[in-house]
Number of protein chains: 2
Amino acid sequence: MRKGRMKVLVVGASGALGRAVTAALNERGHDVLEASRSSKHFVDLTKPSTIDELFKAVGTVDAVASAAGVTPFLPFAELTEEHFQAGINDKLLGQVELVRRGLPHVRDRGSFTLVSGVVATDPIITGVVASLVNGGLDAFVRAAAIEMPRGVRINAVSPTALEEAWDVYAPYFPGHRPVPAAEAGRAYVKSIDGAQTGQTYRVGY
Amino acid sequence: MRKGRMKVLVVGASGALGRAVTAALNERGHDVLEASRSSKHFVDLTKPSTIDELFKAVGTVDAVASAAGVTPFLPFAELTEEHFQAGINDKLLGQVELVRRGLPHVRDRGSFTLVSGVVATDPIITGVVASLVNGGLDAFVRAAAIEMPRGVRINAVSPTALEEAWDVYAPYFPGHRPVPAAEAGRAYVKSIDGAQTGQTYRVGY
């Protein structure tokens, strides 16, 4: 862990979660660089070459915090091979490439924090692709943690559905209690300012 | 669950695990149809159209038992995007497609049993792709179970390294105790002749 003010790259900064992560990191006094398809720094995780360009633009950072990635939500009977591949390419392999390509640009004892999600362990109808992707991410983080060089750490934050998106998600999450994005933002601070590695921080469940 | 003698399709039948699964099912009096790249019935999970051809050849079955799928084992620093995609296409999406394409050919109250692995939760150096793939499979099974139609069930068997392959795997699994493939074979019987769904059966750990 690097003490004091850190330079943190937030990927997926323009979404509800990314904004909460940025706010939580700003509150801690960190220097936040915002990246997304619509932020100051452009990145599209489904186009890995844009990850290389992003790090060329921002240089070395202390931490990378990802709040990026989407997966299709459809009944299992309607899912095609392409839906699985799309979710995998976006939220799963997109974040894996963020780590793989970003690693040389993260300082010694820096960190990666990825976003996973509740359905990895608590599935919902229409959520098969999301479950597969999030389960893969949680396992990736556990495994990559034991091979990170130079004391670099890696964790995942796994929130349940966000209050900020509850108008969209409520029908898919019967009986679930949504969580404010700010709660998930705090879990990113735990990962970045703390010293743990290989963890999945569950938020709101 | 369908009582008595069942028609079970074993995919990946020619490997150490597949042979043990076939033996365990034969011992239970089931009618086993063996499929793999080198068995009587040809299938290559990385070529999904061969799954369709397989079910055209074998017709309706009571259960599908998969012991198929490989992933690259390499130090994280040597892994490329292509290694991740290769492991995903083979063991992860290959088995997902086996379920998706096989489902119409599995009888009411039939079952799928997939193969996952210990590194989903207990990672080893060089095992990042395998961890991601197996974690994704465990979550897929949990999620798909709640959307299977007609009482069809789905579970995963997650063995640690097999005794039969220990000469190859021992250097990668320091401190692990290998398990006889026959133990894993029993877990397939538990899945197929039992009534549980959405489970990952850990074998040998």
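The values are calculated or read from the model by the stated rules, or taken from the named source; none is laboratory data. None of the values given here were measured: they were computed from a predicted structure. Here Cβ is always computed from backbone atoms with ideal geometry, including for glycine, and neighbour counts include all displayed protein chains. Side chains are part of the model used for accessible areas, which takes the heavy atoms of the whole protein and leaves out ligands, DNA and RNA. Shrake-Rupley method; radii C 1.70, N 1.55, O 1.52, S 1.80 Å.
Test of understanding: extend the Cα→C-beta vector of A:ALA77 to 7 Å, then name every residue of the stretch B:135-159 with backbone N under 14 Å from that spot.
Flagged as within label range: B:147-152.
Restricting to the stretch A:48-205, compute how many DSSP beta bridges are antiparallel as a %, nearest 5.
Rounded to the nearest five, the antiparallel share is 0 percent.
Specify, per residue and in Å³, the volume enclosed by the convex hull of the alpha carbon atoms belonging to the stretch B:18-103.
Cα convex hull per residue, to the nearest whole number: 101 Å³.
Residue by residue, what Karplus-based ³J(HN,Hα) values in Hz, rounded to whole numbers, does the stretch A:29-38 have, using 6.51, -1.76 and 1.60 with θ = phi - 60° and x for Gly and Pro?
For the stretch A:29-38, the Karplus-derived couplings read x, 7, 9, 9, 10, 8, 9, 4, 6, 10 Hz, x marking Gly and Pro.
With the full set of protein chains in place, find how many percent of the accessible area of the stretch A:58-112 is carbon and sulfur; take the probe as 1.4 Å.
51
When only Cα pairs under 8 Å and 6 or more residues apart are kept, what is the percent relative contact order across chain A?
Relative contact order here is 22 percent.
How do B:ASP167, B:ASP193, A:ASP62, A:ASP122 rank by accessible surface area computed with a 1.4 Å probe, from largest to smallest?
The ranking, largest first, comes out as B:ASP167, A:ASP122, B:ASP193, A:ASP62.
Relative to the first principal axis of the alpha-carbon coordinates of chain B, what is the inclination of helix B:93-102, with its axis defined by its Cα atoms, in degrees from 0 to 90 and to the nearest 10?
Helix B:93-102 sits at roughly 0 degrees to that axis.
For a quick check: with amide H placed at 1.01 Å from N, whose amide H comes under 5 Å from B:TYR201's, ignoring anything fewer than 5 positions away on the same chain?
Here the answer is B:ALA156, B:VAL157, B:SER158, since their amide H atoms fall under 5 Å of that of B:TYR201.
Which residue, A:LEU103, A:LEU74, A:LEU25, tops the fluctuation ranking in a GNM of chain A built on C-alpha contacts under 10 Å?
So, out of A:LEU103, A:LEU74, A:LEU25, the one fluctuating most is A:LEU74.
How big is Rg to Rh over the stretch B:87-205, alpha-carbon atoms, Rh as the Kirkwood inverse-mean-distance radius?
The Rg/Rh ratio comes out at 0.99.
Would you mind checking which residues have amide H under 5 Å from B:ARG109's amide H? H placed 1.01 Å from N; only 5 or more apart, or other chain.
B:GLY151, B:VAL152
At q = 0.07, 0.11, 0.12, 0.14 Å⁻¹, work out log10 I(q)/I(0) for the protein assembly as shown with the Debye formula, treating every Cα as an identical point scatterer and leaving solvent out; two decimals please.
-0.33, -0.78, -0.91, -1.17
Taking chain B as a Gaussian network, where each spring joins two C-alpha atoms under 10 Å apart, which residue of B:GLY127, B:GLY59, B:GLY117 fluctuates the most?
Comparing B:GLY127, B:GLY59, B:GLY117 in a Gaussian network model of chain B, the most mobile one is B:GLY59.
Regarding the stretch A:79-140, what are the three Cα extents along the principal axes, ordered largest first, in Å?
42, 24, 12
How are the alpha carbon pair distances in the stretch A:53-95 distributed across 5 Å bins from zero to the largest one, expressed in percent?
So the P(r) values, bin by bin, are 5, 19, 19, 18, 13, 9, 8, 5, 3, 0.
One quarter of the convex hull surface, Cα atoms only: what value does that give for the stretch B:157-205 in nm²?
Hull-based average projected area comes out at 3.4 nm².
Kirkwood hydrodynamic radius of the stretch B:108-149 from all distinct Cα pairs, in Å?
One decimal place: 11.3 Å for the Kirkwood radius.
Per DSSP helix of 4 or more residues, -39500 (n - 2.57); summed, then divided by the residues of chain B. What does that give at 222 nm, rounded to the nearest 500?
Mean residue ellipticity at 222 nm (helix-derived): -11000 deg cm²/dmol.
Where does the Debye-calculated log10 I(q)/I(0) of the stretch A:126-175 sit at q = 0.14, 0.32 Å⁻¹, using only Cα point scatterers of equal weight, no solvent?
Those come out to -0.51, -1.18, one per q.
Quick check: with the 1.4 Å probe, what order do B:THR60, A:THR50 take by accessible area, largest first?
Greatest to least solvent exposure: B:THR60, A:THR50.
Where Rh denotes the Kirkwood radius from the mean inverse Cα pair distance, what is Rg over Rh for the stretch B:25-64?
Ratio value, two decimals: 1.00.
Using modelled amide H (1.01 Å from N, peptide plane; none on Pro or chain starts), what sits under 5 Å from the amide H of A:LEU162, excluding residues fewer than 5 places away?
Excluding prolines and chain starts, which carry no amide H, the hits are A:VAL179.
To the nearest 10 degrees, how steeply does helix A:128-145 sit against the main Cα axis of chain A, on a 0 to 90 scale?
30
Please give, to one decimal in nm, the separation of the simple spin-label points placed at B:TYR172 and A:ALA16, each 7 Å out from Cα toward the Cβ.
Placing both labels 7 Å along Cα→Cβ, they lie 4.1 nm apart.
Quick one: Cα centre-to-centre distance for the stretch B:18-38 and the stretch A:58-81, in angstrom?
Comparing the Cα centres of the stretch B:18-38 and the stretch A:58-81, I get a distance of 38 Å.
Taking a temperature of 20 °C and a viscosity of 1.002 mPa s, what whole-number D in µm²/s does Stokes-Einstein yield for chain A with Rh from Kirkwood over alpha carbon pairs?
Using the Kirkwood radius from Cα pairs, D works out to 128 µm²/s.
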